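All remarks here apply to the structure that follows.
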Amino acid sequence: MTPDEIGEAADALFTAERLNRQTGLLSQRYPGMTMDDAYAVQAALVERKISSGRHRIGWKIGLTSRAMQDALNIDTPDSGVLLDDMLFASGAIVPQGRFIQPRIEAEIAFVMKTPLAGADCSEQDVIDATDYVAPSLEILDTRILRADPDTGKTRIITDTISDNAANAGVVLGDHKHAIGSVDLRWTGAIVSRNGTVEETGLGAGVLNDPVTSVTWLARRMAQYGQRIEAGDIVLSGSFIRPIEATPMSAIEADFGNFGSVSVRFE
């Protein structure tokens with residue numbers, strides 16, 4: 001993609017979010033779009049948000065489960081940027097109309113105490129850089145149509161990456177744990193909507209270990225001259241399928257001894 005096309009795509013996404021109205025598939029508008037192009041669009045979109053007064057608070061990692069990778073015919077995760085207006089406390093009420101088509105995923109969040117960077121970043125480096133881990137929910141949304149109404153063509157990975165990896169919000173639980181005090185592979189959640197269990201899963205669903213996921217992010221960021229900063233929240237990836245957050249939905253993730261986290265949609 002040319003610089004003008006990257007800017008045009010970022011403008012379309014920025015406007016779609018501002019107007020709460022989805023735009024068409026970028027993969028159809030720019031059929032030659034590569035993953036590098038998509039990350040360039042994402043960066044341009046985030047820059048527009050930062051210029052409007054927001055600031056970065058962390059990162060999210062997506063498409064970490066084998067099922068989601070198979071669904072999109074890829075073999076790698078993706079990533080997006082967390083901004084300050086995306087952060088919700090556990091128990092928060094999301095007003096109607098805040099998002100377009102919100103969905104929920106359960107994740108283990110890492111909060112960092114020291115910067116993390118480098119193409120040779122190791123899992124031990126991630127452990128050493130982590131302040132604590134906590135239960136969390138990610139709110140997904142899409143500023144791009146899930147499917148083109150005329151052709152039936154669905155979104156592909158370049159659409160998702162461009163759209164900030166479908167990131168819209170993070171609900172951070174109150175429970176904080178030293179990373180060495182829990183086995184993250186066996187840390188999981190029972191996720192309910194309005195009292196009905198919708199999904200269950202374990203941390204091992206995230207690249208076999210959520211620490212591996214954060215390691216992947218640090219290495220990927222090195223390709224773009226970026227790093228994870230002290231204080232950043234890192235969502236390590238979902239171990240459940242997305243749950244539709246329809247109006248009047250109360251979502252709760254029970255992580256057992258690890259804690260719980262909830263959010264309600266008006």
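Worth a mention:
- Scan of the stretch 234-248 for residues that are surrounded by fewer than 21 Cβ atoms within 10 Å (Cβ to Cβ) and within 28 Å of D70 (Cα to Cα), ordered by number: R241, P242, E244, T246
- Qualifying residue in the stretch 71-83 (condition: among the acidic types (D, E), under 21 Å from S238 (Cα atoms), touching a residue at least 24 places away in the same chain (Cβ under 8 Å) and outside any helix (DSSP H, G or I)): yes
- Comparison of A134, A189, A168, A129 shows that the only residue that is crowded, with 18+ Cβ neighbours inside 10 Å, closer than 22 Å to D11 by Cβ, in contact (Cβ under 8 Å) with a residue 12 or more places away in the chain and not basic (K, R) is A168.
- Some residue of the stretch 249-256 being closer than 27 Å to Q42 by Cα and crowded, with 19+ Cβ neighbours inside 10 Å: no
- G237 fulfils the conditions (1) at positive phi; (2) over 19 Å from the mean Cα position of the chain (by Cα) except for a single criterion, (2).
- Odd one out for D209, checked against (1) surrounded by 19 or more Cβ atoms within 10 Å (Cβ to Cβ); (2) more than 27 Å from R98 (Cα to Cα); (3) in contact with a helix residue (DSSP H, G or I) (Cβ under 6 Å, 6 or more places away or on another chain): (1)
- A count restricted to the stretch 165-205 and to residues that are in contact with a helix residue (DSSP H, G or I) (Cβ under 9 Å, 6 or more places away or on another chain) and under 25 Å from V81 (Cα atoms) stands at 19.
Computed from the coordinates by the stated procedures, all read-outs in this text should not be read as laboratory data. Remember, predicted model here, so these are calculated numbers, not experimental data. Neighbour counts run over all protein chains shown; Cβ positions are idealised from the backbone, glycine included.
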